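Engineer: One structure, pasted below without further comment.
None of the figures in this text is laboratory data; all of them are computed from the coordinates on show. Remember, it's a predicted structure, so these values are computed and weren't measured experimentally. No Cβ is skipped: glycine too gets one built from the backbone with ideal geometry, and neighbour counts run over all protein chains shown.
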Amino acid sequence: MLWRKMRQMPRERAPQNWKSSISWEVPQAAGSSTLAASRSPQRRVRFALSLIQRASYEVKGSAPQALKSTRENLMTEIRSTVILGSGCAGLTAAIYTGRAGLNPLVLEGHEPGGQLSMTTTVENFPGWPEGIQGPELIENMRKQAARFGATFQPVDLNQVDLSANPFRLQTSAGEILTRTLIVASGASARWLGLPSEHALIGHGVSSCATCDGFFFRDKEIAVVGGGDSAMEEALFLTRFASKVTLLHRRSGFRASKIMLDRVQAHPKIVLRPNTVIEEVLGVEEKEVKGVRLRDVTTGEVTTLAISGLFLGIGHEPNVKMFAGQIDLDESGYIRTTGNVLVTHNEVVVPGLFACGDVQDRRYRQAITAAGSGCMAALEVEKFLEADGH
Ligand code: NDP
């Protein structure tokens, strides 16, 4: 059956060397004969087909068109598009690809809804004059995407094979094949890892000064970190807060000199180096009341009364499943070209797109993530159209 299908392939889809592009790995227990022992190409293929349930194939060298066709014939369903991530970028991509009739499948990952689902009021997303709760905004987008045919799977993507199209995705619920993949897996803010910190996220603990700074007008707050993010957050927060204490775990700062100079010169900012946070206070009251601090040089423990704690200790882009298959920048973010196209060794990987925070260390806003999600979806449409689907 498969052989017949292969013979029916148009000439350009069945190049002369297609057989040599696939190597069959036959399990030892398969029998005494071997593929090499079969004389004619037809017999060799028939033999392979009889073992197809047990055989696995691997690509040798480049990924020829014949491999693509073989995969398409072997597998029951190949999706038009899969979206990895269900934050602002992923859901916007789902709305657009859904409206284009592509029945997108959204893999929700371990942080469904992304960072917006962990914030409270969002006041800078256009269209909501009174603001909207982050989780509600995400839920609205999800419903909007579902209305246009998007489906959602609460699974993690463990491994991907981008060496040929369709791409093979190994998820916690099995394998998925797809012609296009939109990576919208975001960047997760680093946290200190304290239970009290976790309990107060959205109640005074935040990792986004731009999102939440406004709520701390005339309040005393603290920022943690010694890099440029922390400096930027501290400077930004002086617009609202009456006092900003910058807490850093050692005496040396990673931040650029110019940013550190600005922070040191600012009348509203107090630097406390060599200081670590032992606990965030206010869990019972469900709002931040202060932090318990320890000076790492003297061991002295003190309490600082604050209403808000901002983490500026960096972000981790969620890309580990793509290791070695795509180009990343020096901080681990996906390097994109033409806004959302992804490359490997500086060559565009056809059918692969990235949007949102996983490829944006500069803006990291809900609206910029949504914008790039839209771009990725439009590129998917163009790609599938050009590829004849
Ligand atoms: P960085 O990795 O540069 O800095 C992270 C900071 O957080 C470090 O000071 C680190 O301390 C501290 N830290 C990390 N983990 C912990 C922890 N568990 N507890 C306490 N402190 C911790 O990240 P940034 O986000 O600041 O910057 C990332 C990149 O983005 C940099 O290249 C930066 O220059 C760039 N950037 C540029 C900006 C600009 O130009 N306007 C703005 C923001 C970022 P330690 O130093 O001890 O390791």
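Engineer: Grab the other residues whose beta carbon is less than 14 angstrom from that of Leu157, score K and R as +1, D and E as -1, and report the net.
Structural biologist: Computed value for this residue: -2.
Engineer: Sticking with this one: Around Ala230, what is the net charge, scoring Lys/Arg as +1 and Asp/Glu as -1 over all other residues with Cβ under 14 Å from its Cβ?
Structural biologist: +3
Engineer: Listing Thr337, Thr81 from the residue with the fewest other Cβ atoms within 10 Å to the one with the most, what is the order?
Structural biologist: Thr337, Thr81
Engineer: Oh, and also: Using the 10 angstrom Cβ neighbour count as an exposure proxy, how do Phe310, Phe214 rank, fewest first?
Structural biologist: Ordered by Cβ neighbours within 10 Å, fewest first: Phe214, Phe310.
Engineer: Another one. Rank the residues Val319, Val205 as a footprinting-exposure proxy: fewest other Cβ atoms within 10 Å of their Cβ go first.
Structural biologist: Taking fewest neighbouring Cβ atoms as first place, the list is Val319, Val205.
Engineer: At 0.36 nm per residue, minus the direct Cα-Cα distance, what do Asn124 and His198 gain on full extension? Give it in nm, one decimal, please.
Structural biologist: Length difference between fully extended and current span is 24.2 nm.
Engineer: Between Glu385 and Glu175, what FRET efficiency comes out of the Förster formula 1/(1 + (r/R0)^6) with R0 = 35 Å and r the beta carbon distance, rounded to 0.05?
Structural biologist: 0.85
Engineer: Counting Lys and Arg as +1 and Asp and Glu as -1, each charge on the Cβ, what is the dipole of the stretch 135-232 about the Cα centre in debye, to the nearest 20?
Structural biologist: Charge dipole, the stretch 135-232, about its Cα centre: 440 debye, nearest 20.
Engineer: A further question on this structure: Across the stretch 245-261, in residue order, what do the Karplus-derived ³J(HN,Hα) couplings come to in whole Hz, using 6.51 cos²θ - 1.76 cosθ + 1.60 with θ = phi - 60° and x for Gly and Pro?
Structural biologist: 9, 9, 9, 9, 6, 9, 8, x, 10, 7, 5, 5, 4, 5, 5, 5, 4
Engineer: Next question. What distance in nm lies between label points placed 7 Å from Cα along the C-beta direction at Lys243 and Asn140?
Structural biologist: 3.9
Engineer: Okay, next question. Tell me the Kirkwood radius of the stretch 91-197: reciprocal of the mean inverse pair distance over distinct alpha-carbon atoms, in Å.
Structural biologist: 15.6
Engineer: Using the Cβ atoms and a cut-off under 15 Å, what net charge is assigned to the surroundings of His344, where Lys and Arg are +1 and Asp and Glu are -1?
Structural biologist: The answer is -3.
Engineer: Step through the table entries Lys289/Lys320; Lys143/Lys320; Lys268/Lys289; Lys320/Lys382; Lys143/Lys219; Lys143/Lys289, compare each Cα-Cα distance with 31 Å, and write down the pairs that go over it.
Structural biologist: Those over the limit are Lys289/Lys320; Lys143/Lys219; Lys143/Lys289.
Engineer: Measure out, as a whole number of angstrom, how far apart the alpha-carbon centroids of the stretch 94-155 and the stretch 161-231 sit.
Structural biologist: Between the Cα centres of the stretch 94-155 and the stretch 161-231 lies a distance of 15 Å.
Engineer: How long are the semi-axes of the equivalent ellipsoid of the stretch 195-311, taking √(5λ) for every eigenvalue λ of the Cα gyration tensor, in whole Å from largest down?
Structural biologist: With the √(5λ) rule applied to the stretch 195-311, the semi-axes are 20, 18, 11 Å.
Engineer: Beyond 20 Å, what share of the Cα-Cα pairs of the stretch 172-239 remains, rounded to the nearest whole percent?
Structural biologist: Summing the P(r) tail past 20 Å for the stretch 172-239 gives 46 percent.
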